[in-house]
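Colleague: Would you mind keeping the following structure in view while I ask a few things?
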Amino acid sequence: MKIGFIGLGNMGAPMAANLVKAGHEVTGFDTAGVTVEGVTTALSAAEAAKGADVVITMLPNGAILRAVAAEVIPAMTKGAALVDCSTVDVESARAVAADAEAAGLLAVDAPVSGGTGGATAGTLTFMAGGSEAAFAKAKPLFDIMGQKAVHCGAAGAGQAAKICNNMILGVTMIATCEAFALADKLGLDRQKMFDVVSTSSGYSWSMNAYCPAPGVGPQSPADNGYKPGFAAELMLKDLRLSQQAAESADADTPMGKAAADLYAQFVEAEGGRGMDFSAMLPRFEKRGRG
Ligand code: NAD
C-alpha cells in the first residue's frame, strides 16, 4: 500500500518504521525535518498525501490536526482513507472526519494506547471511530502497528473511548498513590499493602500492573526514578480533553475534574513535568493535609 505519514515524533517515527518493515511504501513529513530510515521524505504534508491509499497523522493536538487536514484533504485521491492516530478533542476528530467524507474520502479517528514502547514493538491498541468501510481499510495497518484494534462506533468514538479510559487511569493512579501515602503514615509496610490491595477490591491496573511504589509489584517507572513511561504532562493533556468533552456533553465528572486539577498543579507548579504520571506517590509522601 502507498502510505503518507504526517508527524514523525516519538510515536509516529516508530509506527512509520514498522509499516516500512512490513513492506509498505511510506512517504513521511514532519515540520521538524525528522527523517526515518526507509521512509521517503516529502517537503510538505500535501506532497506526502498525494497518491496515497492511506494517510496517517500522528500530531500533538486538535488545532494542528485541523490545519494539516485542511492541507492534505484536497491533495488526496477519492476513496483513500485519512487515519488520525493522535489524541485530540472529540470535536476536532468529528470536524476532520466530516470534511474528509465531504471530499469523498474515508476517515478514521484511531488514538492509541501503549506509549512509545508499544509504538516501537508494534503492540499498540487502536480505538477507532468511523464507518465500517473506513475501519476495514485501516485495519491491516493497525494489525502491523498494534496488537488490538477496537471499532468503537462512528466518527469521534475512538477519541471518546481514549479520554474516558485515561480519565479512569488518572483517577485510579491518584487514588492508589494517596492510599500508599496514607498507608505509610499508618505504619503499614508497602509490600503488605500491595499484597492485600492487588488481590482485593481496591485492585486496578495502576496498582497491579504499574505500581507507583518502587520495589513493589512488577517493574514500572517507579523502579527507574519515575522516568516516563507515560509523562505526567501527557496525562494532564488527556484529562483536560476529557474535561473539555464533559463540558460540551454536560456530563458531571467530579473525580475527573479533581484529577485534572491535581495533575495541573503537579506539572505546572510542583516539578512534575518530565516525570512519570505515577510520581504522584512521592508528591503525596512529602505532604500533610495543610
Ligand atoms: P511528539 O511531539 O513527539 O510528535 C509530534 C510530531 O508532530 C513532532 O515531531 C512535530 O514536529 C510534528 N508536527 C507538529 N506539527 C506538525 C505539522 N503541522 N505537520 C507535520 N508535523 C508536525 O508527540 P508524540 O509523543 O509522538 O505524540 C503524538 C500523539 O500521540 C499526541 O497526540 C499524543 O497525545 C499521542 N500519544 C502519545 C503517547 C506517548 O506515550 N508519547 C501515547 C499515546 C498517545
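The values are calculated or read from the model by the stated rules, or taken from the named source; none is laboratory data. Everything quoted here is computed from the prediction, not taken from an experiment. Positions of Cβ are backbone-derived with ideal geometry, glycine not excepted, and every protein chain shown enters the neighbour counts. These accessible areas exclude ligands, DNA and RNA; they are computed on the full protein's heavy atoms, side chains included. Shrake-Rupley method; radii C 1.70, N 1.55, O 1.52, S 1.80 Å.
Colleague: In region 200-212, what residues are of a type in the set (A, V, I, L, M) and surrounded by fewer than 23 Cβ atoms within 10 Å (Cβ to Cβ)?
Modeller: If the condition is that a residue be of a type in the set (A, V, I, L, M) and surrounded by fewer than 23 Cβ atoms within 10 Å (Cβ to Cβ), then A209 is the only one that fits.
Colleague: Can you run down the residue pairs with Cβ atoms below 7 Å, 6 or more apart or on separate chains, where the first is in region 168-186 and of a type in the set (D, E) and the partner is at pLDDT 95 or above and open to solvent by less than 10 Å² (accessible area, probe 1.4 Å)?
Modeller: Taking only residues 6 or more apart or on different chains, not a single pair turns up.
Colleague: Just checking, how many residues over region 1-52 are under 12 Å from V72 (Cβ atoms), within 12 Å of the ligand (Cβ to nearest atom) and open to solvent by 30 Å² or more (accessible area, probe 1.4 Å)?
Modeller: Selection size over region 1-52: 3.
Colleague: From the list S86, S113, which residue is modelled with pLDDT under 95 and within 11 Å of the ligand (Cβ to nearest atom)?
Modeller: Being modelled with pLDDT under 95 and within 11 Å of the ligand (Cβ to nearest atom) holds for just one of S86, S113, which is S113.
Colleague: Considering (1) in a strand (DSSP E or B); (2) farther than 19 Å from A110 by Cβ, say which one G28 fails and leave the rest.
Modeller: The one condition G28 does not meet is (2).
Colleague: Yes or no: G272 surrounded by 19 or more Cβ atoms within 10 Å (Cβ to Cβ) and not in a helix (DSSP H, G or I)?
Modeller: In short, yes.
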